[in-house]
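Enquirer: The following block contains the structure, expressed as structure tokens.
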Amino acid sequence: MSDAKDGLTLFAFGTLQANRIEILCDTRNSASRRFAERCGYPLEAIFINNFIDQGGNLGDECIYTEVRLKMGFRLPNVNKQ
């Protein structure tokens, strides 16, 4: 998982010159929330009543982000032993 996250970060910030990477998930989806947190993405916000779920109910959504700094971005340590 770490290698995939590091590769995605390098590709998005380096190749695509993206300014931010976002992971959005339902607040009730604990597995997705744990994944984002294990990847080191901080919780930026919780959007209240942001989507309609399959049952037709309003749902809240978490947004986890990695943001490129103005002077560059934090490179993941890809040379792990």
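Enquirer: Based on the mean of other Cβ atoms within 10 Å per residue, sort peptides 20-31, 50-61 so the most packed one is first.
Expert: Packing proxy ranking, top to bottom: 20-31, 50-61.
Enquirer: If you don't mind, another one. Heavy atoms only, 1.4 Å probe, whole protein assembly: order Thr15, Thr65 by accessible area, highest first.
Expert: So, going from the largest accessible area down, we get Thr15, Thr65.
Enquirer: So, one more: Using a 1.4 angstrom probe with every protein chain in place, what is the largest-first accessible-area order of Phe35, Phe13?
Expert: Output order, biggest surface exposure first: Phe35, Phe13.
Enquirer: What nm distance separates the two modelled labels at Thr65 and Ile46, each placed 7 Å from Cα along Cα→Cβ?
Expert: Spacing of the two 7 Å Cα→Cβ label points: 1.8 nm.
The values are calculated or read from the model by the stated rules, or taken from the named source; none is laboratory data. Note that the structure is predicted; figures quoted are calculated from it, not measured. Here the Cβ is made from the backbone with ideal geometry for all residues, glycine too, and neighbour counts use every protein chain on show. Heads up: the accessible areas ignore ligands, DNA and RNA and are worked out on the full protein's heavy atoms, side chains in. Shrake-Rupley method; radii C 1.70, N 1.55, O 1.52, S 1.80 Å.
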